[in-house]
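Asks: Shown below is the structure under consideration.
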Amino acid sequence: MKVELEITSDCNAACPGCARTLNKDILEINSFTFEDLKRIFPPGDYSEYQFKFCGVLGDPIVNNDFLHMVKYLTDLGGYCEVSTNGGYNNAKWWEEMGSVAAEHPGLLHIHFCVDGHKETNHLYRVNTKWNIVERNMTAFSQTAPDSHATWIYIVFDHNEHELVTAKAHAAVLGFEFATRTGMRNSYHQWIAQLGKKDKKVEKKITTTGKKEHSKKDVIKSLDKFIANYKANKADKEQTQEILKTVICKYIHEGEIFIAADQTMWPCCFLWDSAFKNKEQIVSKLSQFDPGWNSLKHHSIKEIQKHEWFSSLLAASWEPTHPLHFTRCIRTCAKHKAYHNEIIYADKSISTV
């Protein structure tokens, strides 16, 4: 009943921490058409479904058919959540998006991922322009005035001074406001490459995460555990205790992930591994028939019946399993300690 859709691997931005920015040499641009979406999700009752338009590689609003997709799914009762940098399309397009939200109360929510204000947003959201982002957020808010959006702000050293300004601006727009912390930001320093006006020289700015993830020490302990079992030093009892703490998006939370190339995965994390071919995931899964998890050739239900989804995935969490991927342990053990933390202005916390 939960579906994360990466309807395109294209994007208007070049965020330094993004998989597409860091792996330009292997990036392929793929996008769903509206007809693709209707084939995968034919007309029916989707009132119990949650569609999350996000993904690993692209921004959904760059897909030319996106507005049609949202109208289609909300007309059928589906709840749609959208994560975007907000820096693409014109004001009229965003007014239409706001109209969809107004026509279907509670069925459309936009997460504007804007990490700064006028002075700093472009330092991480490279290639976005503040005047366009502001115009688009305003256009949406004016046609969907009843808080159908959240401004989500990653706090860095370079943008902390604009946090209060952004929070006040969100209130004017009628948006919720939240800060986000990712585990990767606690491990890496991102380098933003910004072109100067003459386009001959790039300026590099180091961005460091101002707020470390609250469970960084838990992930460090998992890293130590992974190193131990790779060296055949893991305690069997400890292994079983850790495996009991895995919360799988697919198995435990009823979620699937559909990538821009229309392959289906249990989560965004394993699609990210497949895109980068980490842990030889592509070759390991090549034992299955070509197209085994492709929605170009199979339905969602058919793929769910495949042995990897139905039995091997859960079995593979055991480190000795031939299809084991450490990604499952690191990102979803210890009750999803690795997942992003989103802290809302009212101090409530969610993980994604």
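The values are calculated or read from the model by the stated rules, or taken from the named source; none is laboratory data. Predicted model only: the values in this text are computed from it and were never measured. Because the Cβ atoms are built from the backbone with ideal geometry, glycine has one as well, and the counts that use them run over all protein chains shown. Just the protein is used for accessible areas: all its heavy atoms, side chains included, with ligands, DNA and RNA removed. Shrake-Rupley method; radii C 1.70, N 1.55, O 1.52, S 1.80 Å.
Asks: Identify all residues within the stretch 234-281 that are among the acidic types (D, E) and touching a residue at least 12 places away in the same chain (Cβ under 8 Å); write none if there are none.
Replies: E253, E255, D261, D272, E279, listed by residue number.
Asks: Moving on. At least 3 residues that are surrounded by fewer than 21 Cβ atoms within 10 Å (Cβ to Cβ) and modelled with pLDDT of 95 or more in each: list the helices (runs of 4 or more DSSP H) lying fully within the stretch 1-109 that qualify.
Replies: Filter on the stretch 1-109 gives 34-40, 66-75, 91-103.
Asks: For the stretch 125-161, which positions are β-branched (V, I, T) and outside any helix (DSSP H, G or I)?
Replies: Hits for the stretch 125-161 are V126, T128, T150, I152, I154, V155.
Asks: Ok, one more. Which pairs turn up if I take residues in the stretch 324-345 that are farther than 30 Å from F175 by Cβ and look for partners that are surrounded by 19 or more Cβ atoms within 10 Å (Cβ to Cβ) and among the small types (G, A, S) with beta carbon separation below 6 Å, at least 6 apart in sequence or on another chain?
Replies: Final answer for the pair search is R327/S273.
Asks: Here's something else I'd like to know. Does W308 qualify as being in contact with a Leu (Cβ under 8 Å, 6 or more places away or on another chain) and in a loop (DSSP other than H, G, I, E, B)?
Replies: So W308 does not fit the description; no.
Asks: With respect to the numbered conditions (1) part of a strand (DSSP E or B); (2) of a type in the set (K, R); (3) open to solvent by 70 Å² or more (accessible area, probe 1.4 Å); (4) at pLDDT 80 or above, which one is the sole condition not fulfilled by K224?
Replies: (1) is the only condition that K224 fails.
Asks: If I ask for residues that are polar (S, T, N, Q), closer than 12 Å to G86 by Cα and in contact with a Gly (Cβ under 9 Å, 6 or more places away or on another chain), which ones from the stretch 135-151 would you list?
Replies: Passing the criteria: only N136.
Asks: Any residue at all in the stretch 249-270 that's of a type in the set (K, R), open to solvent by 30 Å² or more (accessible area, probe 1.4 Å) and either at pLDDT 95 or above or not in a strand (DSSP E or B) (or both)?
Replies: Within the stretch 249-270 (the criterion being of a type in the set (K, R), open to solvent by 30 Å² or more (accessible area, probe 1.4 Å) and either at pLDDT 95 or above or not in a strand (DSSP E or B) (or both)), the answer is no, since none of the residues qualifies.
Asks: Also: So which residues in the stretch 152-171 are among the β-branched types (V, I, T) and closer than 17 Å to H122 by Cβ?
Replies: Of everything in the stretch 152-171, those that are among the β-branched types (V, I, T) and closer than 17 Å to H122 by Cβ turn out to be I152, I154, V155, T165.
Asks: Look through E134, E119 and report the one residue that is open to solvent by 20 Å² or more (accessible area, probe 1.4 Å) and touching a residue at least 40 places away in the same chain (Cβ under 8 Å).
Replies: E119
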